[in-house]
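Colleague: Quick one: structure below, then a few questions.
What follows is calculated from the coordinates using simple rules that are stated; it is not laboratory data. These numbers were taken from a predicted model, which means no experiment stands behind them. When we count neighbours, we look across all protein chains shown, and the Cβ atoms used for this are built from the backbone with ideal geometry, even at glycine.
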Amino acid sequence: MAYSEEVLDHYENPRNVGKMDDKDQQVGTGMVGAPACGDVMRLQIKVSDEGVIEDAKFKTYGCGSAIASSSLVTEWVKGMTLDQAADLKNTQISEELALPPVKIHCSVLAEDAIKAAIADYRKKNG
Amino acid sequence: MKLPIYLDYSATTPMDPRVAEKMTECLTLEGNFGNPASRSHLFGWKAEEAVETARRQVADLVNCDPREIVWTSGATESDNLAIKGVAHFYSKKGKHIITSKIEHKAVLDTCRQLEREGFEVTYLDPQPNGIVTPESVAEALREDTILVSIMHVNNEIGVINDIEAIGELTRANKVLFHVDAAQSAGKINIDLERLKVDLMSFSAHKVYGPKGIGALYVRRKPRVRLEAQMHGGGHERGMRSGTLATHQIVGMGEAFAIAKAEMHEENKRLLKLRQRLWDGVQDLEQVFCNGDFDQRVASNINVSFNFVEGESLLMALKDLAVSSGSACTSASLEPSYVLRALGMNDELAHSSIRFSFGRFTTEEDVDFAIDKIRTAVSKLRELSPLWDMYKDGVDLDKVEWVSH
């Protein structure tokens, strides 16, 4: 199947690959998906005292579209407030990456991942 | 080096130039273009002669009588004709069929269709090494069983079934035995005089012949009856009507003749290439060969690279033409039904790649592939949260995943 240039770019040069200490009070971690389904995303955010996302990291097991979706989200959320990041919609991701219908679930997963990371951070910081 | 490198010979093979040459001689006015069924002139006689020569070439490879070979459009049609043909002809005798869960779709979907028509089908589980045992067949046999259909070599994992032992069983129980040999003909010895196989499907394009042509072996002694699935001019002794495609048939005959002459030398070379690939990747940690390592054809190795998802691996291996056991692109997100039937966990099934070698694969091709695989697997593992967890000693089976 043909991949869009955007997907290929993120796949070849994924942004913000890495891992943060999930015990850090400033870090929120979201892990979504399941190996059985063929994709697992771990997305982490580091939040400043002002509630702004300073840094984001990801690791993804999945197809090229899943890797690209998570890579793109880490780029976007940097500098956003938690509320702004929580408003991200999967349709924005799938549009930006020109995902075909069979790959929409990758963008849904990326949206779930950022929401899970925010929820984790909020839970930690009550 | 021409990229991408073709390592998908189990899917199809390029035609051998010697085959292509023979075929082109059967097309134009100057060539052997006649209708083999034309009895009234030289054009027909010459075409018929070419078809019968090819029939003998196919029969020679598998040691049977040429009169037992029926031309079809390919192994899919052969499977359909064998299974439906037997089921429909012998339905008064019984309505039970035995096959396995890892057969080709041409067999499985045909069986599904027969189920809709009122037949009952038992789908046997293979062992974890991919082999369907004669014991499992014996256990499934019933009074009303009319047919057993088991593939000789599996298309995904390349393992070889013991069709000799299964044939002894079916013959002793007066049950017909069909074997899909699309992946074994020209790769391993087949002796139909010795084997108690009643029907066998062949394909030309897996053996460096053209696409669109195949054959079905139909045993004469003891005689096997079939109900035709294609009706018309009564070609092929009424079993398969339709004007014979002389050029395709000549191509298949030539391809099978070459296979007979060169198979043994070729296998030695392929075995070395396969070992070279395996030696080049197996130290990557968490790399597994799917299906029995030894009881398989020389041209195939199916490998799982744990914690790396198959489709992304294929993307990274864009310079290699290989296929993945993970069918993520089909929107089903289902990993290969063959690998699942072996009892493999989903992660491993999603991480599998089939490499298949052939006549035109070189050592350089394999070395290039090894290099690409090592780079891709390392890169994708760096990206994989599962690899992190594995390295941290987390038991992935105990994690509660948020399925979607």
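Colleague: Return the average number of partner chain Cβ atoms within 10 angstrom of each residue Cβ along peptide B:234-242.
Modeller: 0
Colleague: Looking only at region B:17-259, where both bridge partners belong to it, what percent of the DSSP beta bridges are antiparallel (to the nearest 5)?
Modeller: So the antiparallel bridges in region B:17-259 amount to around 40 percent.
Colleague: Something else about it: How about A:LYS123: which lysines have a C-alpha closer than 17 Å to its C-alpha, ignoring those fewer than 8 places off in the same chain?
Modeller: Result set, ordered by chain and number: A:LYS23, A:LYS46, A:LYS115.
Colleague: Using only Cα atoms, what is the ratio of the radius of gyration of chain B to 2.2 N^0.38 Å?
Modeller: Expressed relative to 2.2 N^0.38 Å, the Cα Rg reads 1.04.
Colleague: Compute the length gained on full extension between B:SER241 and B:ARG225: take 0.36 nm times their separation in residues and subtract their Cα-Cα distance, giving the result in nm to one decimal.
Modeller: Between B:SER241 and B:ARG225, full extension yields an extra 4.2 nm.
Colleague: For chain B, set up a GNM with springs between Cα atoms under 10 Å and report which of B:PHE355, B:PHE177, B:PHE119 has the largest fluctuation.
Modeller: For chain B, modelled as a Gaussian network with Cα springs under 10 Å, the answer is B:PHE119.
Colleague: Let me ask something additional. Using just the Cα positions, wrap the protein assembly as shown in a convex hull and report its mean projected area in square nanometres, one decimal place.
Modeller: If you wrap the Cα atoms of the protein assembly as shown in a convex hull and average its projections, you get 27.7 nm².
Colleague: Now for a different question. Filter the DSSP H helices in chain A by two things, a Kyte-Doolittle mean of at least 0.0 and an axial alpha-carbon span of 27 angstrom or more, and list the hits by number.
Modeller: Flagged H segments are A:104-124.
Colleague: Once you place label points 7 Å from the Cα toward the Cβ at B:ASN267 and B:LEU284, how far apart are they in nm?
Modeller: Once both label points are built, they end up 2.9 nm from each other.
Colleague: Same structure, new question: Ranking B:THR361, B:THR28 by Cβ neighbours within 10 Å, fewest first, what do you get?
Modeller: Exposure proxy ranking, most exposed first: B:THR28, B:THR361.
Colleague: Using a Cα-Cα cut-off of under 25 Å, which lysines could be cross-linked to B:LYS187, ignoring same-chain neighbours fewer than 8 residues away?
Modeller: Straight-line reach from B:LYS187, under 25 Å: B:LYS22, B:LYS101, B:LYS105, B:LYS196, B:LYS206, B:LYS211, B:LYS260, B:LYS268, B:LYS272.
Colleague: Let me ask something additional. Once you have a ≥ b ≥ c as the square roots of the Cα gyration tensor eigenvalues for region B:61-171, tell me rounded if a/c is under 1.5, and otherwise prolate or oblate according to whether a/b is larger than b/c.
Modeller: Since a/c stays below 1.5, the shape of region B:61-171 is classed as rounded.
Colleague: List the GluC sites (Glu not before Pro) within region B:58-125 that DSSP assigns to loop and that have no more than 15 neighbouring Cβ atoms inside 10 Å.
Modeller: Passing both the DSSP loop test and the Cβ count: B:GLU117.
Colleague: Here is a follow-up. May I ask you to sort A:CYS63, A:CYS37 by Cβ crowding, counting other Cβ atoms within 10 Å and putting the fewest first?
Modeller: Ordered from fewest to most neighbouring Cβ atoms within 10 Å, A:CYS63, A:CYS37 come out as A:CYS37, A:CYS63.
Colleague: State the extension gain, in nm to one decimal, for the chain segment bounded by B:GLU25 and B:ARG112, taking 0.36 nm per residue of separation less the distance between their alpha-carbons.
Modeller: 27.2 nm
Colleague: Please compute the average number of Cβ atoms from other chains found within 10 Å of each residue's Cβ in peptide B:379-391.
Modeller: Taking the mean over all residues of the peptide, I get 5.
Colleague: Any idea how far the Cα center of region B:299-324 sits from the one of region A:37-55, in Å?
Modeller: 30 Å
Colleague: Sticking with this one: Okay, helix-only estimate at 222 nm for the protein assembly as shown: each DSSP H run of n ≥ 4 adds -39500 (n - 2.57), divide by all residues, round to 500 deg cm²/dmol; what do you get?
Modeller: Counting only the DSSP helices, I get -12500 deg cm²/dmol.
Colleague: Let me ask another. Can you put B:TYR217, B:TYR123, A:TYR3 in order, fewest other beta carbons within 10 Å first?
Modeller: B:TYR123, A:TYR3, B:TYR217
Colleague: To the nearest 0.05, what FRET efficiency results for A:ASP83 and B:LYS318 with a Förster distance of 41 Å applied to their C-beta separation?
Modeller: Computed FRET efficiency for A:ASP83 and B:LYS318 comes out at 0.55.
Colleague: Mean separation of Cα pairs under 8 Å and 6+ residues apart, divided by the residue count of region A:5-124: what relative contact order is that in percent?
Modeller: Relative contact order of region A:5-124: 32 percent.
Colleague: Averaging sequence separations of C-alpha pairs under 8 Å and six or more residues apart, then dividing by the length of chain B, give the relative contact order as a whole percent.
Modeller: 21 percent
Colleague: In addition: What average number of partner chain Cβ atoms lie no more than 10 Å from the Cβ of the residues making up A:56-62?
Modeller: For this peptide, the per-residue mean of nearby foreign Cβ atoms is 6.
Colleague: Let me ask you something else. Need the C-alpha centroid separation for region A:72-126 versus region B:1-72, integer Å.
Modeller: Using only Cα atoms, the two centres lie 58 Å from each other.
Colleague: Right, another one. With a Förster radius of 35 Å, plug the Cβ-Cβ distance of A:LYS23 and B:PHE368 into 1/(1 + (r/R0)^6) and report the FRET value to the nearest 0.05.
Modeller: Working from the Cβ atoms, E equals 0.20.
Colleague: Take the Cβ-Cβ distance between B:ALA37 and B:HIS88 as r, set R0 to 30 Å, and report the resulting FRET efficiency rounded to the nearest 0.05.
Modeller: 0.75
Colleague: If you don't mind, there's one more thing I want to ask. Once you have the Cα-Cα distance between B:LEU3 and B:GLN295, take 0.36 nm times their residue separation minus that, and quote the gain in nm to one decimal.
Modeller: Length difference between fully extended and current span is 102.0 nm.
Colleague: For region A:5-124, what class follows from the C-alpha gyration tensor (a ≥ b ≥ c being the square roots of its eigenvalues): rounded when a/c is under 1.5, otherwise prolate if a/b is larger than b/c, else oblate?
Modeller: Here region A:5-124 falls in the prolate category.
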